[in-house]
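Structure first, then comments.
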Amino acid sequence: MVKTMEEKRHIPMSSPFITHVERDAVRQVLESPVLSIGPQLEAFEKAMRLFLNMPYAVAVNSGTSGLHLAVISAGVGENDLVITTPFSFIASSNCILYERGIPVFVDVDKKTGNIDAMAAARVLETLAKSTRFEKIRNLLPPVLRDKEKKYRLKAVLPVHAFGQPADMDPILTSAAEFNIPVIEDACEALGSTYKHKNAGCLGDMGVFAFYPNKQITTGEGGMIVTRNEELSLQFLSMRNQGRDMFNEWLQHDRLGYNYRLDEMSAALGAAQMQRIEKILASRDKVAGWYNQRLAFCERIQIPYIAPFTTRMSWFVYVVQILPPLNRDVVMNKLREHGISSRPYFTPVHLQPFYRDKFGFGPGDFPVTEQLGKNCLALPFSAVMQEDEVDYVCHCLRKIAEY
Ligand SMILES: Cc1ncc(COP(=O)(O)O)c(C=O)c1O
């Protein structure tokens, strides 16, 4: 039955795109004796290698686990610095803290929300070159500015926010000059391209994630990709308690973890990868419906796609709610109409734990903070219907024009 625009509906934030292909794949695993470390893991990794045209892909049980292993492989330890963005999901910074490293935040570009690449390159150069504490003091988190110590830059970790690639060239150029590993947090960007190259495949290591709101899902899961064979062997070992691939059973060569992806999840991922182009196309269509309906709404700014983004793989659809409208008021009014929406992202440096540990506060990264106040993620998925987008946009416009 067709609903009118005035009838209240329930529109969830996201829904996975699951068909009989996925259900059959998972059922077949459950009918087999192998529920972990089996053929589905290999099939999923192979599908990812082929899709991204990468020689090595190592599946893990979350994007966060993948980022953690990447940070370890970059050699990050106590008091080591990693350049990253404060406008992100918390995991891209937490993974640095797991190894007792220190995030050096660089503010973001106000149009894309991605790390300001020229500023990141300048910070990289300063940190890589400077031997004097005085020169780097102001780049450090506030609580460390009075503690003169020897800090070393160990990695740069750009995030492809909302699915859109960060402007990688300036970062890659200065990272190469100073031999600093680049870890791409591509957890939100499977399928996006930067100047016709796959996001996640531009640096030394790239990490993808497959939570149910992601482009493809495994329930929980992640994937690390690299061109470096030695790194890939380290990842294989570390995800499995530090066992060396070529050693005897229960021989542990390094500190490892249980970051294995089980066979049910891997089968789900492999099945989703068979349909990835269709899934990405559906997401693109939904983003297009939103763009059409919101492009001319004065107080709502639709997502900006940079010229170097040669393919946008939509993870979320995030608008900016412009003053005098208040984002939180809009969010509450949408809720009254049965529409879920989320502030996205909440700046990492303003999270209570980061404030306590590092002394960050309001005003430290003004662009991130502004975006943190204005940005609103609207309901979005590959299975969203045009009439649902219509309803969301109708309610949003009514709220905005009030
Ligand atoms: C930018 C970013 N980094 C890391 C992650 C962590 O992925 P996971 O939730 O699979 O651990 C996510 C997941 O939402 C993310 O969006």
Open item on the list: As I understand it, the dipole of the chain uses +1 on the Cβ of Lys and Arg and -1 on the Cβ of Asp and Glu, about the Cα centre. Which of LEU67, ILE224, GLN40 lies farthest toward its positive end?
Closed with: LEU67
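Compute the FRET efficiency between VAL34 and LYS398 as 1/(1 + (r/R0)^6), taking r as their Cβ-Cβ distance and R0 = 41 Å, and round to the nearest 0.05. Walk me through the numbers on the way to the answer.
Values: r = 54 Å, r/R0 = 1.31.
Using R0 = 41 Å, I get an efficiency of 0.15.
Would you mind getting me the FRET efficiency between GLU148 and THR346? Use the beta-carbon distance for r and R0 = 41 Å, nearest 0.05.
Numbers: r = 32 Å, r/R0 = 0.79.
E between GLU148 and THR346, to the nearest 0.05, is 0.80.
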Open item on the list: With viscosity set to 0.692 mPa s at 37 °C, what whole-number translational diffusion coefficient in µm²/s follows for region 276-401 from Stokes-Einstein and a Kirkwood radius over Cα pairs?
Closed with: 208
Open item on the list: Test of understanding: in a Gaussian network model of the chain with alpha carbons linked when under 10 Å, which of ALA70, ALA270, ALA128 would top the mean-square fluctuation ranking?
Closed with: ALA128
Open item on the list: Going 7 Å from the Cα of TYR304 along its beta-carbon direction, which residues of region 111-139 have the amide nitrogen within less than 16 Å of the resulting point?
Closed with: 111-119
Open item on the list: I need the calculated FRET efficiency for the pair ASN291 and ASP328, taking r as the beta carbon distance and R₀ as 30 Å, to the nearest 0.05.
Closed with: 0.80
Task: Farthest positive-ward along region 230-365 dipole, Cα basis, beta-carbon charges - from SER282, ALA266, GLY242 - done: SER282
Open item on the list: I want to verify a result. In a Gaussian network model of the chain, Cα cutoff 10 Å, which of these has the top mean-square fluctuation: GLU78, GLU42, GLU134?
Closed with: GLU134
Open item on the list: Just want to confirm a number: the relative contact order over the chain, from Cα pairs under 8 angstrom separated by 6+ residues, in percent.
Closed with: 23
TODO: With only Lys, Arg, Asp and Glu charged, each at its Cβ (+1 for the first two, -1 for the last two), find how big the charge dipole of region 269-329 is about the Cα centre; round to the nearest 20 debye.
DONE: 180
- [ ] Give me the percent of DSSP beta bridges within the chain that run antiparallel, rounded to the nearest 5.
- [x] 65
Open item on the list: If you average the alpha carbon positions of region 331-402 and of region 111-168, how far apart do those two centres end up, in angstrom?
Closed with: 26
Open item on the list: At a 10 angstrom cut-off on C-beta neighbours, averaged per residue, how do the peptides 86-94, 388-396, 6-14 rank from highest to lowest?
Closed with: 86-94, 388-396, 6-14
Task: Inter-label distance, nm, simple model (7 Å from Cα along the C-beta direction), ASP253/ARG311 - done: 3.5
- [ ] Using a 10 angstrom cutoff on alpha carbons, build the Gaussian network for the chain and name the most mobile of ILE115, ILE305, ILE171.
- [x] ILE305
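Rounded to the nearest 500 deg cm²/dmol, what is the calculated helix-only ellipticity per residue at 222 nm for the chain, with -39500 (n - 2.57) per DSSP H run of length n ≥ 4?
Values: 14 runs with 156 residues, N = 402.
Calculated from helices alone, the mean residue ellipticity at 222 nm is -12000 deg cm²/dmol.
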Open item on the list: Can you find, among LEU396, PRO352, HIS337, the residue sitting farthest towards the positive end of the charge dipole of region 276-401, where Lys and Arg contribute +1 and Asp and Glu -1 at Cβ?
Closed with: PRO352
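Specify whether the C-alpha gyration tensor of region 20-274 places it in the rounded, prolate or oblate class, a ≥ b ≥ c being the square roots of the eigenvalues: rounded for a/c under 1.5, otherwise prolate if a/b is larger than b/c and oblate if not. Kindly include the intermediate steps, with their values, before the conclusion.
Values: a/c = 2.31, a/b = 1.63, b/c = 1.42.
Prolate is the answer for region 20-274, as a/c is 1.5 or above and a/b outweighs b/c.
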TODO: Average the reciprocal distances over every distinct pair of alpha-carbons in region 26-130, invert the result, and give the Kirkwood radius in Å.
DONE: 16.5
Open item on the list: How far apart, in nanometres, would the label points at ILE90 and HIS196 be if each is projected 7 angstrom from Cα along the Cα-to-Cβ direction?
Closed with: 4.2
Open item on the list: As a quick test, which of the pairs LYS3/LYS195; LYS150/LYS357; LYS154/LYS285; LYS149/LYS214; LYS147/LYS195; LYS147/LYS197 have an alpha carbon distance above 31 angstrom in this structure?
Closed with: LYS3/LYS195; LYS154/LYS285; LYS149/LYS214; LYS147/LYS195; LYS147/LYS197
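Under unit Cβ charges (Lys, Arg +1; Asp, Glu -1), what dipole magnitude, rounded to 20 debye, does region 152-237 have relative to its Cα centre?
Rounded to the nearest 20 debye, it is 40 debye.
In debye to the nearest 20, how big a dipole does the chain give about its Cα centre with +1 on each Lys and Arg Cβ and -1 on each Asp and Glu Cβ? Show your work: numbers first, answer last.
Values: 45 positive and 45 negative charges, 146 e Å.
Dipole about the Cα centre, nearest 20: 700 debye.
With a 1.4 Å probe and all protein chains left in place, how much accessible area per residue does region 20-274 have, in Å²?
On a per-residue basis, region 20-274 sits at 42 Å².
Expected output is a single nm value to one decimal: the length gained when fully extending between ASP284 and LYS3, i.e. 0.36 nm times separation in residues minus the C-alpha distance. What is it? Intermediate values should be presented prior to the final figure.
Numbers: separation 281, 0.36 × 281 = 101.16 nm, distance 2.46 nm.
Extra length available between ASP284 and LYS3 comes to 98.7 nm.
The values are calculated or read from the model by the stated rules, or taken from the named source; none is laboratory data. Small disclaimer: the values here were computed from a predicted structure and weren't measured. With ideal geometry, Cβ positions are generated from the backbone for all residues, glycine too; neighbour counts draw on all protein chains shown. Accessible surface areas use protein heavy atoms only, side chains included; no ligands, DNA or RNA. Shrake-Rupley method; radii C 1.70, N 1.55, O 1.52, S 1.80 Å.
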